[in-house]
1. Can you tell which of ALA61, ALA92, ALA72, ALA104 is under 16 Å from LEU133 (Cβ atoms), surrounded by 23 or more Cβ atoms within 10 Å (Cβ to Cβ), hydrophobic (A, V, I, L, M, F, W, C) and modelled with pLDDT under 90?
2. Looking at (1) in contact with a Leu (Cβ under 8 Å, 6 or more places away or on another chain); (2) under 28 Å from THR405 (Cα atoms); (3) not aromatic (Phe, Trp, Tyr), which is the one condition that is false for GLU490?
3. Over 15 Å from GLU453 (Cα atoms), in a helix (DSSP H, G or I) and assigned by TED's automatic domain parsing to the domain that holds ALA461: is that true of LEU487 in this structure?
4. Based on this model, can you work out whether GLU536 counts as in contact with a His (Cβ under 9 Å, 6 or more places away or on another chain) and over 13 Å from LEU576 (Cβ atoms)?
5. Select from the stretch 437-453 the residues that are touching a residue at least 24 places away in the same chain (Cβ under 8 Å) and out of contact with any strand residue (DSSP E or B) (no Cβ under 7 Å at 6 or more places or on another chain) and write down the one among them that is surrounded by the fewest Cβ atoms within 10 Å (Cβ to Cβ).
6. How many residues are touching a Leu at 6+ places or on another chain (Cβ under 9 Å) and either surrounded by 17 or more Cβ atoms within 10 Å (Cβ to Cβ) or part of a helix (DSSP H, G or I) (or both) when one looks only at the stretch 108-119?
7. Does MET205 fit the bill of being under 13 Å from the mean Cα position of the chain (by Cα) and either among the charged types (D, E, K, R) or over 24 Å from LEU130 (Cα atoms) (or both)?
Amino acid sequence: MKTSRRQGIVIAAGLLVLLLIPLLSSSFYITVLNNIGMYALATLGVVLLTGVAGMTSFGQAAFVGLGAYTTAALIGPSVFNLGAMTGVPWIALGLGLLITLAFAFVLGLLTLKLSGHYLPLGTIAWGMSLYSLFGTLESLGSHTGIADLPPLKIAGVVFGDGPRMYYLIWGSVLLAALLIHNLLESRMGRAIRALRGGQEMATSMGVDVFRAKMVVFLIAAGLAGISGWLYAYTQRFVSPAPFNVQSGIDYLFMALLGGVTSLWGALIGASIVVLLREWLQDLLPLLLGRAGNFESIVFGLLIVLVMQRWPGGVFGAVSALLARRFQLTPRSQARLPLQGAQRAGTAGLQALPQRARPSPGERVLDVRGVTKRFGGLVANNAVSLQVEAGEIMAVIGPNGAGKSTLFNLISGVMAPDEGDVIFRGHRVNGQSPRLLAAAGLSRTFQHVKLLPEMTVLENAALGAHLRGRKGVFASALRLDGEDEGRLLNEARTQLERVGLGEFLDRPAGSLALGQQRILEIARALCADPCLLLLDEPAAGLRLKEKEALAELIRKLRTEGVAVLLVEHDMDFVMGLVDRIVVMEFGQKIAEGLPDAIQRDPAVLKAYLGGVDE
């Protein structure tokens, strides 16, 4: 409570300062602050796109240009003779956003499927193209630009570029930051945060990764479009120069300098860059005795210094300093574990509906002669197995046996070259893991795939993604209280079920490896599966934890959940499973009851001749 009170005091003080600044500042600094606000608005999109979702973009300035040029074309009397729209700025804003989002949607379709360094290179390419378009079209004034734009007028009140415009700009910034904050603390926000380093896991939990990328991309473009609308009315002149690739780099620089993973980083980075540029442009020519873009050298050195000393940017460095100085709780631990439930009120919240369980004896999984080749290597060779409802089956074998490949074929990560995977009566060869998750297949991973900076509760809730219904707008406007509360209650229930109930608000990365594996199981259970794939679930667990895990799996069996697991702890396997499949060099060499498998000569030979894992 003390931390929340401190945060409330800081926020209230900041808002008071913003309100009083126009009364205490000269017109010059009000103009500077207006520029900071417009930069901050677009940089919020960069933080969301790059820092949160992990997609590097150099094209934000081009979207600002689209918003600015559309506004200028609509209100400038000498461009398309549409000057009559001067009195209806909301039409210019709406059309500017519409055109910006349409461009962003098309560009997103073309570039968001790129990965690695190809994505930022793609954003540079279309950023250059839009800049060239602005400078080439004579109807847009070519490189001369569009001048003599009328000031913003709303309900007869002229805003100009002074205090009134200041309040409009900073009101837009604060509103955008609030809506993004709300979004990130929601079901859709967890999916967006999972894009940065957890896309394979998120897909297996039912997240439509490409849709989440497109949502982030459109939000970032929309913020840039609003910034461009404000720019056109504030500067009353639009030319291509402020919207080139260098400007796109500047937006990314602001985000990195301020703190690319924090919304506050956008405000801090924009403030530092704009103010420092103003001072350096006056100071450096006096010191060096000649004019030039020497501030670019200073900025380059500054970003290198910040990235070396403070990878989290200025905001991250200051936050860490204050946390040490005043013994504040880090944000990731200060979050209330039932935030969404508290919005709606925990009383009266209904549990999430459960899917119909398979009938006893129903064949849930039928793998028929699947083969997978990687060049000349045959990872799986005509492997077959069947798992029934309420059955626990183990797949064992030495290193290189093909167990992980088999799991990937079953879960849709890969498609078999030959054979079929039948899940609940339907052939699902190569079907998206997201669709399989919706059908009732959930899994854990050989190498733990968690989002370490998110809380234990949030990581688990990601598994229930498909069981929620509220989308982007409901989340941003905080209309998702009941839906979010039910998802988080389900996550808490499953975490308490696996013994992690006391760690709800801890960062997942702070857990021991064994606890992280248990967290993965809780996340998989949040999906309400009828088939659970467990990849080495006992690895890293202590004896008591293994016993508790075995008891949990047995309970799942009584509930009709089928469990298929890969495991190397033979004591754990032999005392738990109903049947065992043994693999060696991509082939199934034995299948049967645990006692029979322990006596099988082929199995003994494989293990005695194999390599211990």
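The values are calculated or read from the model by the stated rules, or taken from the named source; none is laboratory data. Values in this document were obtained by computation on a predicted structure and should not be read as measured data. Cβ sites come from the backbone with ideal geometry, for glycine too, and all protein chains shown count toward neighbours.
1. Being under 16 Å from LEU133 (Cβ atoms), surrounded by 23 or more Cβ atoms within 10 Å (Cβ to Cβ), hydrophobic (A, V, I, L, M, F, W, C) and modelled with pLDDT under 90 holds for just one of ALA61, ALA92, ALA72, ALA104, which is ALA72.
2. (2)
3. Taking the combined requirement at face value, the residue satisfies it.
4. Taking the combined requirement at face value, the residue satisfies it.
5. In this case the residue turns out to be ALA438.
6. 4
7. no
Yes/no per residue for (1) over 24 Å from SER319 (Cβ atoms); (2) surrounded by fewer than 20 Cβ atoms within 10 Å (Cβ to Cβ); (3) not hydroxyl-bearing (Ser, Thr, Tyr):
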residue: ALA220; (1), (2), (3): no, no, yes
residue: GLY225; (1), (2), (3): yes, no, yes
residue: TRP229; (1), (2), (3): yes, no, yes
residue: THR234; (1), (2), (3): yes, no, no
residue: PHE237; (1), (2), (3): yes, yes, yes
residue: GLN246; (1), (2), (3): yes, yes, yes
residue: LEU257; (1), (2), (3): no, no, yes
residue: LEU276; (1), (2), (3): no, yes, yes
